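Below is one structure; the comments refer to it alone.
The values are calculated or read from the model by the stated rules, or taken from the named source; none is laboratory data. Just so we're clear, the structure is a prediction, and the values are computed from it rather than from any experiment. Every residue, glycine among them, receives a Cβ derived from its backbone with ideal geometry; neighbour counts consider all protein chains shown.
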Amino acid sequence: MKKILSILLAVAMLLSMFALVACDKGNQGNQGNEGNEGNNGTDGKPAGMASYDVPAVGYDGSAVTVVFYHSMGAKLQAVLNTYIPEFNKLYPNITIEHSSMGDYDGVRDQIKTQLTAGAQPNIAYCYPDHVALYNVTKKVIPLNNFIDSTIEVTDAEGNKTVLGLTEEQKADFIEGYYKEGAAFDTVGTMYTLPMSKSTEALYYNKTFFEKNGLSVPTTWDEMEAVCARIKEIDPACVPLGYDSEANWFITMCEQYGSPYTSLDKNDHFQFNNETNRGFVKKFNEWFRKGYVTTEEIYGSYTSGLFTATEGQRCYMVIGSTGGASYQTPPTVDGQPLFETGMATPPQVNPAAPKVISQGPSLCLFDSDNPQEVVASWLFMKFLTTNVSFQAEFSMASGYAPVIKSVQENPTYQAWLDKASGYNNLTALSVKLALSQSDAYFVSPAFNGSSKARDEVGILMQTALVKTGDVDSAIEKLFKDAVGKCNFSIK
Amino acid sequence: MVESKHKWKAWLYLAPAIVLLLIFTVWPIINTVRIAFLDGYNMLGAVGGETYEFGIKNFTDVLDEYSGFKEALINTLLLTVVTVPLSTILALLIAVCLNSIRPLQRFLQTIFFLPYVTNSIAIGMVFEAMFNIIGLSPDAASAESWGIINNIIGLFGMDPVNWINVNSGYWPNFWVMVIYIVWNALPFKILILLGGLQSINKQYYDAAKVDSTPRARVFTKITVPLLSPMLAYVVITGFIGGFKEYSSIVGIFGDDMKAVGTDHSLNTMVGYIYDALGSNEGRASAAALILFAIIFVVTMINLYVSKKKTHF
Amino acid sequence: MTHQALLSEKNLQKVSTKQRIVKIIVQVMLYTFLCVMALIVVFPFYWMIISSLKSTVEYRLPVPTLFPQKIMWGNYVEAFSAANLGRLFINTVIVGVVSTLLSLVITVLSAFAFARLEFKGKNALFGALLATMMIPGELFTITNYITVNNFGWLDTYTVLIVPFLVSIFYIYLLRQNFMQIPNELYLAAKVDGTGDFKYLCKVMIPLSLPTLISITILKMMGAWNSYVWPRLVTKSEEMRLITNGLRDAFTDMSGQANIPVQMAAVAVVSFPLFLVFIFLRKYIMKGVSRSGIKG
Amino acid sequence: MKVVLQNLTKVFPSRNKKSGEEVVAVNDFTFEIPDGKLIGLLGPSGCGKSTTLYMISGLQKPTGGKIFFGDDDVTELSAENRGVGLVFQNYALYPHLTVKQNILFPLQNLKGADKLPKNQMLERAYEAAKLVQIDNLMERKPSELSGGQQQRVAIARALVKMPKVLLLDEPLSNLDARLRLQTREEIRRIQKETGITTIFVTHDQEEAMSISDMIVVMKLGVVQQIGAPQAVYDDPTNLFVAKFLGTPPINVFEGEVKAEKLYVGDSAVLDVPGVADQPVYVGIRPEGFIPDANGPLTCNLSGVDVMGRDVSLVTTHESSLNPVVRSIVDADAAKNANGITVSYSLKPHKVFLFNKETEERVYFEVK
């Protein structure tokens, strides 16, 4: 008994200490720089810092270190490492320290923790949802003053350039990607610059389509017809594999023009409406007819199905252009079994196509030393506007470059021309991504938008496989999803 | 215990441990409690200069309909109540068998210790691959491949089970996790119990032999009672470990903590705290305090029960 | 008290043959039970090893193959090269050895205080320590991160070593072992004037050597497997430990991790630990049994 | 139930495999233990007495020879099936069971024909407890009992199943002196009452001599002599047995037989008809000295030990092998032993001669 008494006594002691401490209420967070006080993003106003005053002198050439977090694999880091010396030719005193945090979630978790201790990096790979989360600390720098800055900067080779973006540089950006930087409020505050983008594409078995006289579907009704037709030809197959359920839901909302999420703080999650429940029900029927499956539902990569040599297969995959290489047709003793064709995913209204845009952007973090911020901006500008870097990075990653002028670059042109449905799908996917660049849309980004994305993904998965009373099941799924999202930001 | 003249000396010995504990264990606990009572506290918000009111909103939020806390609590309780006894009994049987054979004893003991040396998330991925069914048809009648485990149980004439795939029920998911948790918990328990067995005086077994005691009775009447302090220890730490279970879910079901197409989430308490840490540290801390209270009560019960049960 | 009936010749024969049969049956049952359980324990390992030898294509095959068609030793080469294992290995060994030694010192001192010295509130303090074992570690991470950042320890060996030097479980294990050393020894030492510290070093440590060895081995394994904290507090590549160095090196651009190489990495990480166990098995066993955990 | 051991041998492979030489613990031990007798296995530690006991119990397997219970060859039978009662040196009482549960334990294992109903088991347990006079401690735990009490519980536990043979492994070694005397009488009484064939092992020769019907003296695995205690005491076959039995121990001198006369030092101390001339060891029991002013053997007196009724004269003699020669004489004889020397004459039947090389006994007619 003595032992138990001692433990009880100990814990009582611990708890009493807690109570003592807990009553000194009030916040204790260390004080961010009060200078740029901003409101907390009610109804569309800037979520974080209103604006950042760029030092009048621009970059004073002092020695600074820029820390850059990303999720690049070894191959892409090699490309980065060849271009950092190029940057240092212009600005020798800026040392770039970059390291990979594994995957996107790894980068987000690392930065989130470091922000709480005021030890965040200077530049980071990011998605709009991540930036919204970081901006709760008001430590993400709005880029507008930098973009518009006319302060002169002289680099080591003596040529003078303006600190901000020149008109051609601004125009050179692909409109859809550039707009993504202003998804955080309705007054156009730019928080990110696009770095390297991917999108979704419809991969299809071109040989099979030509053999059976099928035409590539451009609308969802055509897709249903083609699936039915394919099912007749090969009953054991699953005609269509859609990789990401969340992308599918968000893209459909955009294509129907029905509400998904909004920046209005009191009503962020608006996706529970008639139209959305309608298309989810339709796709449920597709699933039960065996027309479609997804990566999670199938239990393995749909690319495995698309490139299967025997057993169950699929003839169309809607997936990320970044993963194009996985859709390469298998070769049996030297001969590719079929040619992979690529097209824009089916649309509700092909005249006004809507395709989701993904891939990393770059954001800038506040730092005690303003020169560090300016140096980081210069490096960000270099990565996003240097044509040869964008070209080489695109070729290595299979992601589309963010500036149009890359297409005039001769080596890039040659690479694009080598695109083929047999063995160079990466180039083919970049070509497609560039061709549908004006179809990109961006969903609003706010603290909680990533939760919305997760919840609609789970909703779609669960709804697709529902049997029995599907309508009420779908209604409940929508209600729960909105409930969980609201709870997460309560 | 022996009276030592100068009391301060004892504290001198404890100084390094105390200092480190104060900084890296006690302060976080105090901080956790502080945050738990600050409504909707968010660390990033605090950095951004936001202020939070003192109150118990976090605790009420945790019990909110959509918070998923109740499911997490039920999952954790169920998992612990099943895995701790199961793994303890299995470990005891294995330890006793290991202790009673000479040839192959070292080899088998090394095998049973394997799970202790590997990263549990990686093994979670392996388990997921083993139980995973690929290409399950919408009516769940046929599948591209029923997965390894189903093939194995098929050998024994049982028909395949939808363990963790589309529309798999709560209980198949539950048993997959039980198998994973027991598999992970075995090595340490076997180590402790085998250690205990080897410290039992051999003559008790000789005495039992001379009294022509059947094997089963030797096990129940001599081995288990003499091992009871070790068993009590293994059960108590087992419960504490059980309540803190988390990696098994991530390993098998990945980040969204549920099988495809099912409504129930398989999250556990620590999983709940981990998710809440992302967006709302106040709520996470409140949940953690509730978890601590539960573990504390259960451990007290265990201590009391084991005090009565252990024999000397 | 009459004597039992004498064993007649016939049933004596029957008894000894029955006894032999029973003996064989029991042996057979023992071994089958152990082998079945061993198979169950080893199978995931077997699956991990063959997955690490499969090419990504084969790994993605819908029908999983029980043995890799094309053995890809390249995965292991890639696991080694992609994550400059040499540097990671050295870091892990340095951190592991230093943290184990320091924590051993602290464990011995604290266990000695709890086992041998008498002071007010001893049991209450020990109870409180045990209570902290009940709190999930995830909670401490962020607060500790802020603390080490304020100390300016980020990205150094100190931050990888210092925060986890105190392991309460090992103090508990050693305390149990110390308490088994009879009081008389302490009294005798006191009588011939040996101080507490000399007594600790000369008598108590030698006597509980097996437990100390098993604590050292188990602590090294813990340091080897740690993942969350090192990843958080290190920025530069040079400071990375083996677990997080390996884990991050294989996600290609589209975020689809190359699982076979990752499995190879996990195998590489766990192999040294496995060797350590094989060679030091005897000590770990002796240590744990000698500690005689008495609840 | 008589127990027969035929050329029993037990060879242990030596601990370190490399050296390979073996340890012969028991060497060709043949002996028939008559039914209902109390036999003492006696010898210095490591002489194979415990190994023999464990071979009889079945816990150890012999490497050679046979063991018979009555006329059944039980060599191959395992301990469980031999129905033997064994009391361990440190009792091996189950710490977690009360005295009553400890005693009941063997009865609960009885199967088939011998199975007893619950009340009969309890009755037998109390009967055994009364026999060893611990029926008042039934609810206690072993840790709460003294050494002697634990010893008696162990005996009760061994007896309760009415075994064919009762084996005791150094039963008294953990007891204090006074308790040892009392407990050995108990064992004697119990054995007589139950009439069970009992074999007990001890290294204390006084204990063996006092309660055994027969004793077996062993040395390095080899049986030296078997016989009734007094007979072995009075007629040792070799120097080892002579030296081993008797307290205070036998005095040994170097001597020589010349012309049928025994010379110790240069004085002839005893006529030894029928013995060839040869150098011999001379063993004289302490009670074999008769103080006699003009006795042939003179030693230098160094002290007088008064041990209650009889007195021991402590003397030295240059050809004695032990540092001291000790004799036991009646009290008044000691009174006039005040000089610096004392002379004795010897009682022939208390003097034993041993061949110098083989240390075997050399007999001479005692008139």
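Going by the conditions given, is D:A25 under 22 Å from D:I215 (Cβ atoms) and out of contact with any His (no Cβ under 9 Å at 6 or more places or on another chain)?
Details: under 22 Å from D:I215 (Cβ atoms): yes; out of contact with any His (no Cβ under 9 Å at 6 or more places or on another chain): yes.
When the stated conditions are applied, D:A25 passes them.
Sort through C:L154, C:L174, C:L160, C:L165 and tell me the only one that's closer than 26 Å to B:V26 by Cβ, aliphatic (A, V, I, L, M) and within 14 Å of chain A (Cβ to nearest Cβ).
None of the other options fit; the residue is C:L154.
Sort out for me the helices (runs of 4 or more DSSP H) sitting completely within region B:210-312 that have 3 or more residues that are at the interface with another protein chain (Cβ under 10 Å from one of its Cβ atoms).
Fully inside region B:210-312 and qualifying: B:224-243, B:269-279, B:281-309.
Return the only residue of B:L73, B:L14, B:L78 being within 26 Å of the chain's Cα centre (by Cα), more than 23 Å from A:G483 (Cα to Cα) and of a type in the set (A, V, I, L, M).
B:L78
Would you please name the residue that is farthest from the other protein chains (Cβ to nearest Cβ), looking only at residues in region A:444-480 that are small (G, A, S) and within 14 Å of B:G261 (Cβ to Cβ)?
The residue in question is A:G468.
Restricting to region D:288-347, and then to whatever is modelled with pLDDT of 85 or more and basic (K, R), can you tell me which residue is farthest from D:D234 (Cα to Cα)?
Out of the qualifying residues, it is D:R326.
Do we have any residue at all in region A:299-309 that's at pLDDT below 90, part of a helix (DSSP H, G or I) and out of contact with any strand residue (DSSP E or B) (no Cβ under 6 Å at 6 or more places or on another chain)?
yes
Filter region A:207-247 down to the residues that are part of a helix (DSSP H, G or I), within 30 Å of A:S443 (Cα to Cα) and either within 14 Å of chain B (Cβ to nearest Cβ) or hydroxyl-bearing (S, T, Y) (or both) and list them by number.
A:C227, A:E245, A:A246
Can you find even one residue in region B:176-197 that is aliphatic (A, V, I, L, M), in contact with a helix residue (DSSP H, G or I) (Cβ under 8 Å, 6 or more places away or on another chain) and assigned to a loop (DSSP other than H, G, I, E, B)?
no
On the basis of being of a type in the set (D, E, K, R) and surrounded by fewer than 21 Cβ atoms within 10 Å (Cβ to Cβ), does A:D172 make the cut?
yes
If only one of D:R188, D:R178 is in a helix (DSSP H, G or I), of a type in the set (D, E, K, R), out of contact with any Asp or Glu (no Cβ under 9 Å at 6 or more places or on another chain) and at pLDDT below 85, which one is it?
Matching residue, one of D:R188, D:R178: D:R178.
Being more than 27 Å from A:K484 (Cα to Cα), more than 9 Å from every other protein chain (Cβ to nearest Cβ) and buried (at least 24 other Cβ atoms within 10 Å of the Cβ) is the requirement here; does A:T302 meet it?
Answer is yes for this residue.
For A:F441, work out the one condition from (1) aromatic (F, W, Y); (2) more than 14 Å from chain B (Cβ to nearest Cβ); (3) buried (at least 20 other Cβ atoms within 10 Å of the Cβ) it doesn't fulfil.
(3)
Just wondering, is there one or more residues in region A:281-297 that are in contact with an Asp or Glu (Cβ under 6 Å, 6 or more places away or on another chain), touching a residue at least 12 places away in the same chain (Cβ under 8 Å), under 18 Å from A:R453 (Cα atoms) and part of a strand (DSSP E or B)?
yes
Here's the yes/no breakdown for (1) under 29 Å from D:F240 (Cβ atoms); (2) of a type in the set (G, A, S):
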{"residue": "D:I284", "(1), (2)": "yes, no"}
{"residue": "D:G288", "(1), (2)": "yes, yes"}
{"residue": "D:D292", "(1), (2)": "no, no"}
{"residue": "D:P296", "(1), (2)": "yes, no"}
{"residue": "D:L301", "(1), (2)": "no, no"}
{"residue": "D:D305", "(1), (2)": "yes, no"}
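So, in region D:68-78, of the ones that are within 8 Å of another protein chain (Cβ to nearest Cβ) and under 25 Å from the mean Cα position of the chain (by Cα), which residue ends up nearest to D:L167 (Cα to Cα)?
D:F69
Any residue at all in region A:129-140 that's more than 14 Å from every other protein chain (Cβ to nearest Cβ) and surrounded by fewer than 24 Cβ atoms within 10 Å (Cβ to Cβ)?
We begin by selecting, within region A:129-140, every residue more than 14 Å from every other protein chain (Cβ to nearest Cβ); these are none.
Among the residues of region A:129-140, not one is more than 14 Å from every other protein chain (Cβ to nearest Cβ) and surrounded by fewer than 24 Cβ atoms within 10 Å (Cβ to Cβ), which makes the answer no.
What number goes with the only condition from (1) within 11 Å of chain C (Cβ to nearest Cβ); (2) touching a strand residue (DSSP E or B) at 6+ places or on another chain (Cβ under 8 Å); (3) hydroxyl-bearing (S, T, Y) that B:S137 does not pass?
Going through (1) within 11 Å of chain C (Cβ to nearest Cβ); (2) touching a strand residue (DSSP E or B) at 6+ places or on another chain (Cβ under 8 Å); (3) hydroxyl-bearing (S, T, Y) one by one, B:S137 breaks only (1).
Looking only at region B:111-134, filter to residues that are of a type in the set (F, W, Y) and more than 7 Å from chain C (Cβ to nearest Cβ); which one of those is farthest from the chain's Cα centre (by Cα)?
The residue in question is B:F131.
Take the residues in region A:444-474 that are surrounded by 19 or more Cβ atoms within 10 Å (Cβ to Cβ) and among the hydroxyl-bearing types (S, T, Y); name whichever of them is farthest from B:L277 (Cα to Cα).
A:T462
Please pick out the residue among D:R140, D:R152, D:R188, D:R178 that is buried (at least 19 other Cβ atoms within 10 Å of the Cβ) and at negative phi. Full working, then the answer.
On the way: D:R140 fails: buried (at least 19 other Cβ atoms within 10 Å of the Cβ); D:R188 fails: buried (at least 19 other Cβ atoms within 10 Å of the Cβ); D:R178 fails: buried (at least 19 other Cβ atoms within 10 Å of the Cβ).
Just a single option satisfies the conditions, and that option is D:R152.
Hey, among A:T189, A:T207, A:T219, A:T251, which residue is outside the structural domain of A:S300 (by TED's automatic domain parsing) and of a type in the set (V, I, T)?
Exactly one residue qualifies, and that residue is A:T189.
Quick one: how many residues across region A:70-119 are within 12 Å of chain C (Cβ to nearest Cβ) and of a type in the set (D, E, K, R)?
Residues that pass the stated criteria total 6.
Can you find a residue that is over 18 Å from D:T198 (Cα atoms), more than 12 Å from chain B (Cβ to nearest Cβ) and free of Cβ contacts under 8 Å to residues at least 12 places away in the same chain anywhere in region D:88-100? Show your work before the answer.
Let us first name the residues in region D:88-100 that are over 18 Å from D:T198 (Cα atoms), namely D:90, D:92-100.
When the remaining residues are screened for being more than 12 Å from chain B (Cβ to nearest Cβ), the result is D:99-100.
Those left that are additionally free of Cβ contacts under 8 Å to residues at least 12 places away in the same chain: none.
No.
Given the residues C:A79, C:A124, which is the only one that is in a helix (DSSP H, G or I), in contact with a Leu (Cβ under 8 Å, 6 or more places away or on another chain) and without any contact (Cβ under 8 Å) to a residue 40 or more places away in the chain? Don't jump to the end; show me each part of the working.
Details: C:A79 fails: without any contact (Cβ under 8 Å) to a residue 40 or more places away in the chain.
When all the criteria are applied, what remains is C:A124.
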